[in-house]
Amino acid sequence: MAAAKTKTRKPVKRNAEARKDLAKSYNKFKEFEGQQYTGMKVGRSHKWYYDKGEWKEKKLTPDEWEINYAVTKRRAGKAPEGSGVPVGTEYHWYIMAHQHVRKLNANDYTTTLSGMKFKVAHKRSDTEKWSASDRAQKKRLIKIFQRMIDQLERELKAEE
């Protein structure tokens, strides 16, 4: 009778050590389409919970509204120890989204927001200066808008 084979197992990393590896991975330089960056790897995702926020809107034309939304968002899980940017870091994001709304009764609506968000600039916690000037941020937005226009035009042509 042959002896039973035993599999050699790698030792399981302790939680603290595993978190340290995640922090190291988060903070190391990565590359995407020729652009170097740090932070979460392209393709990964976060999950957040938003506290009760305040959504304000003002009607500007029959079909156009100005919106303002302010809330604290909280990570669904815990960030790996030592990962991420320092407290006080700020970001300027531009969001293009679809909002689908359905009236339920006189006072309630369901709402779904889906779309894209684009980093326009950031400000490190130890400085008052943004990573891009106001002019550079506007140029970045123009590139984003042009890319979206080009994509929509391609989709229209494909439908013809």
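Taking region 64-126 and the strands (runs of 3 or more DSSP E) fully enclosed by it, the elements with 1 or more residues that are loosely packed, with under 10 Cβ neighbours inside 10 Å and of a type in the set (Asp, Glu) are at 64-70. Here the condition is being out of contact with any helix residue (DSSP H, G or I) (no Cβ under 6 Å at 6 or more places or on another chain), at pLDDT 80 or above and not polar (S, T, N, Q); of 5, 73, 13, it holds for 73 alone.
For region 34-47, the set of residues classified as surrounded by fewer than 10 Cβ atoms within 10 Å (Cβ to Cβ), over 18 Å from residue 94 (Cβ atoms) and either out of contact with any strand residue (DSSP E or B) (no Cβ under 8 Å at 6 or more places or on another chain) or not basic (Lys, Arg) (or both) consists of 34, 36, 43, 44, 45, listed by residue number. Inspect region 93-109 for any residue being hydrophobic (A, V, I, L, M, F, W, C), modelled with pLDDT under 95, within 16 Å of the chain's Cα centre (by Cα) and within 28 Å of residue 139 (Cβ to Cβ) and give the result as yes or no. Within region 93-109, none of the residues are hydrophobic (A, V, I, L, M, F, W, C), modelled with pLDDT under 95, within 16 Å of the chain's Cα centre (by Cα) and within 28 Å of residue 139 (Cβ to Cβ). In this structure, is residue 125 among the hydroxyl-bearing types (Ser, Thr, Tyr), at pLDDT below 95 and in contact with a Ser or Thr (Cβ under 7 Å, 6 or more places away or on another chain)? The answer is yes for residue 125.
The values are calculated or read from the model by the stated rules, or taken from the named source; none is laboratory data. Computed from a prediction, not measured in an experiment: that's the story for all the values here. Here Cβ is always computed from backbone atoms with ideal geometry, including for glycine, and neighbour counts include all displayed protein chains.
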